[in-house]
Amino acid sequence: MCGIVGYIGQNDTKEVLLNGLEKLEYRGYDSAGIAIENEQGVNLFKVKGRIAALREKVDHNVSSTMGIGHTRWATHGAPNVDNAHPHQSASGRFTIVHNGVIENYVEIRKEYLSDVTLKSDTDTEIVVQLIEKMHDELQDTAKAFRKAVSLLTGSYALAMIDAEDNETIYVAKNKSPLLVGIGEGFNVVASDAMATLRETDTYKEIRDKEIVIVRRDSVEIQLLDGTKVERETFKTEIDAADTEKGTYDHFMLKETDEQPFVIRKIIQHYQNEAEEIKMDPAIRNAMLDADRIYIVAAGTSYNAGLVGKQFIENLAKIPVEVHIASEFSYNMPLLSEKPLFIFLSQSGETADSRAVLVQVKELGHPALTITNVPGSTLSREADFTLPLYAGPEIAVASTKAYTAQMAVMLLLAVDTANGKEIKLDFNPLQELAIVANAMEVLTDQKETFETLAQNYLSESRNAFFIGRGVDYFVCVEGSLKLKEISYIQAEGFAGGELKHGTIALIEEGTPVIALATQSSVNHSIRGNVQEVNARGANTLLISMKGLEHDEDAFVIPAVNELLSPLVSVVPLQLLAYYAAVQRGADVDKPRNLAKSVTVE
Ligand code: M6R
C-alpha cells in the first residue's frame, strides 16, 4: 500500500527520501514521487514504476534540506505520473502526499472546488486544492490546513509543504498510520518507521484527528481546534539490520529461514522463570469470560486463524468461529452473549480487519489483537495485544508471521486451558522447541525443494493442494503462497471434497501436492491420492515421520500432530518460493499486491 516519508533538517533531503521510499517498496506500489523545497521553491519529481526510475529522474543538482515523498498503490485513478503523488494546488504553492481514501471527495469538489481544473483523477488532489481555497480565505497556512482537514471524512495520513515556508511540514492523520521521528536538528515523518530507521529510532505516535507542525527543531501536536497536545516519545524495537536482505536473494527466503529462530523467540518471551507459559492475566480472564471466540482476519492471517480455532477448541474447549474480515460487516453472524474477538494481523493495519474492530468496539465487545506490530492501529484500538516477535516481515508473501501467529495462538489456548484447570498431556513450550528444530531440518534442505519445484510446478499452469483435518488448512495456505508469488493458479481442497466436483479438473500431469501428517486421516488422504493418480495427476505427497509410505516424495520430521501445520507449511513455502524464482517472478513484490492492505 501507499507509503509516506518526509524530512526536514540539515542534510540532503533527496537521499533521505529516496532511501526511505526504498524501504517502503516492500509494501507494494505502482508509482512514486518526491517534492523537495529550497529558497527557490518546490521541485517535483514523479514516475510510474520503481524507485530506481525515480532516482534517475531526480535532478541531483537541486539541493534541499526539506521534502516529502510517496509510493502510491492506485485506488482512485490509474497508476500513471499524473496520479502519482505528491500533488500540487492550482497555484503550485501547496504540495501534498496522502495515504488512505477520502470518502467525501466528490462532495468537497462540488461544494468548494467547482471552479478548479483538476490535474489528476485522485482524491488526494482534492485535499491540496481545498487547502489552497481555505488559504485564500484565511491567509494562514496552519489555519487553512486545519480547516481543510476538519472537512475530510475517510482515512488519511497527510504531509504537506508550503512553497513560501521552508521551515515547516504540516502533517495530519486519521485511521491511516503515521509517525513523526525525532532527531537532533532534524525531524522525519513516516507511514512506517522502517522508512526512517537510518535517521532515528525515536518516534512520537500521532493519533487520529491530530495535526502536527513539524520543524527542524520542534514537533508540535495539535487537535483540530488548535489545542496543543503533549506526547511522550518511544523507541522503536525494529533493528535496522532486520530490514536488510543480507546474503539472501530475496526477503521471502530469509524470512522462511528465520522461522525456527522466531519460534524460539516466542518461547523465550512467553515463558516465565519456572518455564511455564507467561501470559497477561487480563487476557486469560477475557478468554475465560468468553462463551465464544470470533477470530477475524484476512489472507494468510485468516488461514492461521483456521488452525488457531483447532488449538482453542481442542485445548481450551471454547467454541471458535473464524471470519474473513472483509465479509464480516455484511455477513455478521448471530453473536453469542459473551463474545471475545481476536484480530489476527501481521501488520496490524489491515483496513478490513480494522473496520470490524471499530464495529465490535461500538457494540461494546472485548477485542484482542495478535500482531507483529505492537503500536499498530489494530493493536492500539483493541483492549489487549499479544505480540508475535517475528521481526519485520518485508516480503509480501507472509511466512514467519503465519507460523508465529499459530505458535502464539497455541500458547493462548494452553494458557486458557490452564485457567480452566483442563489437564493437558503435553508441554506446549517443549513441543514448540521440537517444532523449531523440525523447521530447521527443512530449511536446511533447500536444494531438495528447488528440485521438487522444478519437477512438479515450475512449468505448470495450475496446481492443487489436498489434505484433511489441519492439513487442509495448511493446503489452503500453501496454495495462497504459490499463487500470489508464482502466478500459478492454485487451490487448496479438503481431500474428501474432491469427488464433489474438483476431481473433474484433474488431467494428465496436473500437479497435486498432498499432505499426510494426521494419523486419523492418513488412510483416507492416501485414498484421495489414489483417486487423483488414477486420473493422471503428478502427485507430490508430503507425509510426516511415523506415517510415511515408501512412495512418499518427502517426509517431514515428526512433531505433535496438532502442531504439524507449523512444520508442514515450510515445504509449501519453499516450493512456492522456488517455483516463483524458476518462473522469473518478482518474488518479494508480486504484481498487484501490497504488503499491508490499508484500504477496504
Ligand atoms: O497484515 P495482515 O496479516 O492483516 O495481512 C493480511 C493479508 O493481507 C496477508 O496475510 C496476505 O494474504 C499475505 N500477502 C499472504 O502472503
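The values are calculated or read from the model by the stated rules, or taken from the named source; none is laboratory data. In this text, all values refer to a predicted model and were calculated from it rather than measured experimentally. Cβ atoms come from the backbone with ideal geometry, glycine included; neighbour counts cover every protein chain shown. Note: areas computed on protein heavy atoms with side chains; ligands, DNA, RNA excluded. Shrake-Rupley method; radii C 1.70, N 1.55, O 1.52, S 1.80 Å.
With respect to the numbered conditions (1) open to solvent by 10 Å² or more (accessible area, probe 1.4 Å); (2) β-branched (Val, Ile, Thr); (3) farther than 29 Å from Ala395 by Cα, which one is the sole condition not fulfilled by Val47?
Every listed condition holds for Val47 apart from (3).
Since Ala504 meets every condition but one in (1) under 30 Å from Ala407 (Cβ atoms); (2) over 35 Å from the mean Cα position of the chain (by Cα); (3) modelled with pLDDT under 95, which condition does it not meet?
It fails just one condition, (1).
Could you please find all residues in the stretch 472-493 being part of a helix (DSSP H, G or I), open to solvent by less than 30 Å² (accessible area, probe 1.4 Å) and not charged (D, E, K, R)?
Val474, Cys475, Gly478, Ser479, Leu482, Ile485, Ser486, listed by residue number.
Is at least one residue of the stretch 405-417 within 16 Å of the ligand (Cβ to nearest atom) and under 29 Å from Tyr29 (Cβ atoms)? Walk me through how you get there before you give the answer.
Going residue by residue through the stretch 405-417, those that are within 16 Å of the ligand (Cβ to nearest atom) are 405-409.
If we keep only those that are under 29 Å from Tyr29 (Cβ atoms) too, we end up with 405.
Scanning the stretch 405-417, I find at least one residue that is within 16 Å of the ligand (Cβ to nearest atom) and under 29 Å from Tyr29 (Cβ atoms), so the answer is yes.
If you scan the stretch 475-522, which residues turn out to be on the phi > 0 side of the Ramachandran plot and in contact (Cβ under 8 Å) with a residue 60 or more places away in the chain? Working first, answer last.
The initial filter retains those residues of the stretch 475-522 that are on the phi > 0 side of the Ramachandran plot, namely 487, 501, 509.
Residue satisfying the conditions is Tyr487 alone.
May I ask you to verify whether Lys361 is basic (Lys, Arg) and more than 14 Å from the ligand (Cβ to nearest atom)? Talk me through it step by step, then tell me what you get.
Details: basic (Lys, Arg): yes; more than 14 Å from the ligand (Cβ to nearest atom): yes.
Yes.
Evaluate the stretch 434-457: report whether one residue or more is surrounded by 19 or more Cβ atoms within 10 Å (Cβ to Cβ), touching a Cys at 6+ places or on another chain (Cβ under 8 Å) and in contact (Cβ under 8 Å) with a residue 24 or more places away in the chain.
Checking the stretch 434-457: not a single residue is surrounded by 19 or more Cβ atoms within 10 Å (Cβ to Cβ), touching a Cys at 6+ places or on another chain (Cβ under 8 Å) and in contact (Cβ under 8 Å) with a residue 24 or more places away in the chain.
When you scan the stretch 553-570, how many residues do you find that are farther than 15 Å from Gly469 by Cβ, open to solvent by less than 20 Å² (accessible area, probe 1.4 Å) and not in a helix (DSSP H, G or I)?
The first filter runs over the stretch 553-570 and keeps only residues farther than 15 Å from Gly469 by Cβ, leaving 553-558, 570.
Narrowing further to those that are open to solvent by less than 20 Å² (accessible area, probe 1.4 Å): 554, 556, 570.
Going one step further and asking which of them are not in a helix (DSSP H, G or I), we end up with 554, 556.
Of the residues in the stretch 553-570, 2 are farther than 15 Å from Gly469 by Cβ, open to solvent by less than 20 Å² (accessible area, probe 1.4 Å) and not in a helix (DSSP H, G or I).
Residue under question is Ala490, and the condition is that it be within 16 Å of the ligand (Cβ to nearest atom) and not acidic (Asp, Glu); does it hold?
Numbers: within 16 Å of the ligand (Cβ to nearest atom): yes; not acidic (Asp, Glu): yes.
Yes, satisfied.
Could you look through the stretch 364-381, keep only residues that are within 13 Å of the ligand (Cβ to nearest atom) and among the aliphatic types (A, V, I, L, M), and pick out the one that is nearest to Tyr294 (Cα to Cα)? Walk me through how you get there before you give the answer.
Pass one, the stretch 364-381, residues within 13 Å of the ligand (Cβ to nearest atom): 369-373, 376-379.
Restricting the remaining residues to those that are among the aliphatic types (A, V, I, L, M) gives 370, 373, 378.
On the way: Ile370: 13, Val373: 21, Leu378: 15 Å.
Checked the stretch 364-381; the qualifying residue nearest to Tyr294 (Cα to Cα) is Ile370.
Listed residues Ile312, Ile342, Ile422; which is surrounded by fewer than 16 Cβ atoms within 10 Å (Cβ to Cβ), touching a Ser or Thr at 6+ places or on another chain (Cβ under 9 Å) and at pLDDT 95 or above?
Working: Ile312 fails: surrounded by fewer than 16 Cβ atoms within 10 Å (Cβ to Cβ); Ile342 fails: surrounded by fewer than 16 Cβ atoms within 10 Å (Cβ to Cβ).
Result: Ile422 is the single residue among Ile312, Ile342, Ile422 that is surrounded by fewer than 16 Cβ atoms within 10 Å (Cβ to Cβ), touching a Ser or Thr at 6+ places or on another chain (Cβ under 9 Å) and at pLDDT 95 or above.
Which members of the stretch 494-514 meet the condition of being of a type in the set (A, V, I, L, M, F, W, C) and open to solvent by 40 Å² or more (accessible area, probe 1.4 Å)?
Ala504, Leu505
What residue, of Gly246, Gly305, Gly226, Gly299, is modelled with pLDDT of 95 or more and at positive phi?
On the way: Gly246 fails: modelled with pLDDT of 95 or more; Gly305 fails: at positive phi; Gly226 fails: modelled with pLDDT of 95 or more.
The conditions single out Gly299.
Residue by residue through the stretch 288-305, note down the ones that are more than 13 Å from the ligand (Cβ to nearest atom), part of a loop (DSSP other than H, G, I, E, B) and either buried (at least 23 other Cβ atoms within 10 Å of the Cβ) or of a type in the set (Gly, Ala, Ser) (or both). First the steps, then the outcome.
Our first condition is that a residue be more than 13 Å from the ligand (Cβ to nearest atom); within the stretch 288-305, this holds for 288-294.
Right, trim to part of a loop (DSSP other than H, G, I, E, B) and you get 290-291.
Of everything in the stretch 288-305, just one residue is more than 13 Å from the ligand (Cβ to nearest atom), part of a loop (DSSP other than H, G, I, E, B) and either buried (at least 23 other Cβ atoms within 10 Å of the Cβ) or of a type in the set (Gly, Ala, Ser) (or both), namely Ala290.
Kindly provide the set of residues from the stretch 306-358 that are away from the ligand (no atom under 16 Å from the Cβ), in contact (Cβ under 8 Å) with a residue 24 or more places away in the chain and in a helix (DSSP H, G or I), ordered by number.
Those that are away from the ligand (no atom under 16 Å from the Cβ), in contact (Cβ under 8 Å) with a residue 24 or more places away in the chain and in a helix (DSSP H, G or I): Gln310, Phe311, Ile312, Asn314, Leu315, Ala316.
Just wondering, is there one or more residues in the stretch 165-177 that are assigned to a loop (DSSP other than H, G, I, E, B), over 25 Å from Arg50 (Cα atoms) and open to solvent by 10 Å² or more (accessible area, probe 1.4 Å)? Steps first, answer last, please.
Kept after step one, since they are assigned to a loop (DSSP other than H, G, I, E, B), are these residues of the stretch 165-177: 176-177.
Now drop any that are not over 25 Å from Arg50 (Cα atoms), which leaves none.
Scanning the stretch 165-177, I find no residue that is assigned to a loop (DSSP other than H, G, I, E, B), over 25 Å from Arg50 (Cα atoms) and open to solvent by 10 Å² or more (accessible area, probe 1.4 Å), so the answer is no.
Take Pro333 and decide whether it is more than 29 Å from Val262 (Cβ to Cβ), open to solvent by less than 10 Å² (accessible area, probe 1.4 Å) and not charged (D, E, K, R).
Working: more than 29 Å from Val262 (Cβ to Cβ): yes; open to solvent by less than 10 Å² (accessible area, probe 1.4 Å): no; not charged (D, E, K, R): yes.
Against the criterion (more than 29 Å from Val262 (Cβ to Cβ), open to solvent by less than 10 Å² (accessible area, probe 1.4 Å) and not charged (D, E, K, R)), Pro333 does not qualify.
Working carefully through the options Asn61, Asn80, Asn11, find the one that is in contact with a Lys or Arg (Cβ under 8 Å, 6 or more places away or on another chain), open to solvent by 40 Å² or more (accessible area, probe 1.4 Å), modelled with pLDDT under 95 and not in a strand (DSSP E or B). Break it down stepwise before answering.
Details: Asn61 fails: in contact with a Lys or Arg (Cβ under 8 Å, 6 or more places away or on another chain); Asn11 fails: in contact with a Lys or Arg (Cβ under 8 Å, 6 or more places away or on another chain).
Answer to the check: Asn80.
Can you run down the residue pairs with Cβ atoms below 9 Å, 6 or more apart or on separate chains, where the first is in the stretch 394-411 and open to solvent by less than 10 Å² (accessible area, probe 1.4 Å) and part of a helix (DSSP H, G or I) and the partner is among the hydroxyl-bearing types (Ser, Thr, Tyr) and more than 11 Å from the ligand (Cβ to nearest atom)?
Lys400/Thr256; Ala404/Tyr389; Ala407/Tyr270; Val408/Tyr270; Val408/Tyr389; Leu411/Tyr270
Quickly run through the stretch 92-129 and pick out the residues that are part of a loop (DSSP other than H, G, I, E, B) and free of Cβ contacts under 8 Å to residues at least 40 places away in the same chain. Write out each step before concluding.
Taking the stretch 92-129 first, the residues part of a loop (DSSP other than H, G, I, E, B) are 92-93, 100-101, 103-104, 113-122.
Within the stretch 92-129, Leu113, Ser114, Asp115, Val116, Thr117, Leu118, Lys119 qualify.
I'm trying to understand the selection: among the residues of the stretch 341-356, which are farther than 17 Å from Asp383 by Cβ and β-branched (Val, Ile, Thr)?
The initial filter retains those residues of the stretch 341-356 that are farther than 17 Å from Asp383 by Cβ, namely 346-347, 349-352, 355.
Result: Thr350, single match.
Kindly evaluate Glu132 against the criterion of being farther than 25 Å from Pro79 by Cβ, in contact with a Lys or Arg (Cβ under 8 Å, 6 or more places away or on another chain) and of a type in the set (D, E, K, R).
yes
Please go through (1) outside any loop (DSSP other than H, G, I, E, B); (2) without any contact (Cβ under 8 Å) to a residue 40 or more places away in the chain; (3) out of contact with any Cys (no Cβ under 8 Å at 6 or more places or on another chain); (4) open to solvent by less than 20 Å² (accessible area, probe 1.4 Å) for Gln573 and return the number of the only condition it doesn't satisfy.
For Gln573, the failing item is (2).
Which is of a type in the set (Gly, Ala, Ser) and open to solvent by less than 60 Å² (accessible area, probe 1.4 Å), of Ala90, Ala142? Walk me through how you get there before you give the answer.
Numbers: Ala90 fails: open to solvent by less than 60 Å² (accessible area, probe 1.4 Å).
Within the list Ala90, Ala142, the selection yields Ala142.
Determine if the stretch 521-538 includes at least one residue that is among the polar types (S, T, N, Q), in a strand (DSSP E or B), touching a helix residue (DSSP H, G or I) at 6+ places or on another chain (Cβ under 8 Å) and crowded, with 16+ Cβ neighbours inside 10 Å. Can you show your working first?
Taking the stretch 521-538 first, the residues among the polar types (S, T, N, Q) are 522, 524, 528, 530, 533, 538.
Cutting the leftovers down to in a strand (DSSP E or B) gives us 538.
Then keep just the ones that are touching a helix residue (DSSP H, G or I) at 6+ places or on another chain (Cβ under 8 Å); that gives 538.
Next, only the ones that are crowded, with 16+ Cβ neighbours inside 10 Å stay: 538.
Within the stretch 521-538 (the criterion being among the polar types (S, T, N, Q), in a strand (DSSP E or B), touching a helix residue (DSSP H, G or I) at 6+ places or on another chain (Cβ under 8 Å) and crowded, with 16+ Cβ neighbours inside 10 Å), the answer is yes, since at least one residue qualifies.
Let's see how each residue does on (1) at pLDDT below 95; (2) out of contact with any Pro (no Cβ under 8 Å at 6 or more places or on another chain); (3) within 16 Å of the ligand (Cβ to nearest atom):
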site	(1), (2), (3)
Leu562	no, yes, no
Gln573	no, yes, yes
Gln582	no, yes, no
Pro590	yes, yes, yes
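Suppose we keep only residues that are part of a loop (DSSP other than H, G, I, E, B), open to solvent by 30 Å² or more (accessible area, probe 1.4 Å) and small (Gly, Ala, Ser) within the stretch 212-260. Which one would you say is farthest from Tyr26 (Cα to Cα)?
Among residues in the stretch 212-260 that are part of a loop (DSSP other than H, G, I, E, B), open to solvent by 30 Å² or more (accessible area, probe 1.4 Å) and small (Gly, Ala, Ser), the one farthest from Tyr26 (Cα to Cα) is Ser218.
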